[in-house]
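Encoded as structure tokens, the structure appears first; notes follow it.
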């Protein structure tokens, strides 16, 4: 029994500690440094409801607004999310280093305290800003940052540039596009594909933010000295909550457009050291392996073999040449076939490059494949490394003996290799040539064809001109085709934005209206549900089909202000396709 009560006590203690760990009570300030004539916004936020909230005394400040209390309580996928915030607006009374002391609150019988926050007050600024204004909220809570892996690389050493967009409450990014992409002059560049932009949690200057990785690029500098990385500029549509609420009690969101830039960056590229540079260095930078591979060690004089020079590893694989293969003059060597198997990631180029030589021996004998060396610069070790292949031997038999062979004991008459079916044939012995017959050009088909071609081109041009004139005169047909294209365009946009409620329902509603304009051949944009019902009723549609179309339009209007889910948006999209298909069959 004693062990049982000890177990129960430990279980209760664990549950209490778990609940206590889930409770958060934090302080957030609009800025850590402000002018003497500016305002400071202070938010005390908790994720569970509490009592007996006691603010600090705000020594050194004057409270000019607050406390304003806001509560957010929602259920998403069966999970409850709660947030309660007390907001104060302060003005400093003096310059220097001030501090906002601890605030306390009672949550579940336990007392929780915030951490003190240090504030620096400077001279008065010329244009003080309201911390609750939209411009201030955007400037203080939105940042585009270019993170560079190495600002002092060597020539041809890989560096990465990752552009991250940081934003935090109360901002929401509803749309964005790049208006000025960097060209990366003086760099070999490769952009890493990002299939879908994702919002993740991160920190910026020690504070919590939402972060979106907007672009990833791998760069290899091609010049030394100070090189400039041009800025990336984004055009964003930002949603800001206002103080007004709609019929359902939801806060009305106002949109603002803003361009944000990451700013240009300077990279100081170091030259490769001259000390210790090998004579056969061809510009390789990274970490590599080197191999010389032969596919045959023994063959007939009439056959061929291949010698493959292969470099694999991580580095600037596409930006240097492989060493040349040197073989005895009695071996006929063809130009190498170059191949690459290289993938580029945030770690740089990875893979292998190869030069494949085809070699044909003319005489029998034993041919050594001399050592081939390959040199590269390792930026991690900051030194040159030379790799050498092993000695290899190719045995050729079944052909004439070279007169220059060292192992010849008697004079040998020079003999040609006898051609067989497996030999290389360079000269055709029976060419089957035919005499050239001089044909008269003036009476040929080519002459008359060239003579008639200007008239045919003129006739085709007149036909095309008449067709374009007929299309331009058909104003009604052009308008209907344009409406039909818009309907398909907006349906496509709706499908792309299935996870964005505002953009999805806006595109879906436009698609439905443009579909009606194209099918019913009407010009007016003054639609109402009564007019739509009347027009569809005159087209032999039953009431259930008309009601399905009207219900879908109402869903688009209501969903803008009411909470919805991805499943509901998918259901409305499928219903729109079904309704349009049914009406198409009747019309």
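Tabulated values for the structure
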{"quantity": "Residue check for residue 423: at pLDDT below 90, over 30 Å from residue 313 (Cβ atoms) and surrounded by 13 or more Cβ atoms within 10 Å (Cβ to Cβ)", "calculated": "yes"}
{"quantity": "Subset of region 241-273 [surrounded by 15 or more Cβ atoms within 10 Å (Cβ to Cβ), modelled with pLDDT of 75 or more and in a strand (DSSP E or B)]", "calculated": "258, 260, 265, 267, 269, 270"}
{"quantity": "Lone qualifier among 321, 341, 295 - being over 33 Å from the mean Cα position of the chain (by Cα) and either farther than 23 Å from residue 402 by Cα or without any contact (Cβ under 8 Å) to a residue 60 or more places away in the chain (or both)", "calculated": "295"}
{"quantity": "Enumerated strands (runs of 3 or more DSSP E) restricted to region 10-122, each holding at least 1 residues that are at pLDDT below 85 and farther than 22 Å from residue 137 by Cβ", "calculated": "51-54, 61-76, 79-92"}
{"quantity": "Members of region 184-230 found to be farther than 21 Å from residue 171 by Cβ and either touching a helix residue (DSSP H, G or I) at 6+ places or on another chain (Cβ under 9 Å) or outside any strand (DSSP E or B) (or both), listed by number", "calculated": "184, 185, 186, 188, 193, 194, 195, 220, 222, 223, 224, 230"}
{"quantity": "From the options 480, 508, 503, residue that is closer than 30 Å to residue 573 by Cα, at pLDDT below 75 and buried (at least 17 other Cβ atoms within 10 Å of the Cβ)", "calculated": "480"}
{"quantity": "Which listed residue is touching a strand residue (DSSP E or B) at 6+ places or on another chain (Cβ under 7 Å) and not in a strand (DSSP E or B), from 342, 371", "calculated": "371"}
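The values are calculated or read from the model by the stated rules, or taken from the named source; none is laboratory data. Not measured: the values here are computed from a predicted model. Here the Cβ is made from the backbone with ideal geometry for all residues, glycine too, and neighbour counts use every protein chain on show.
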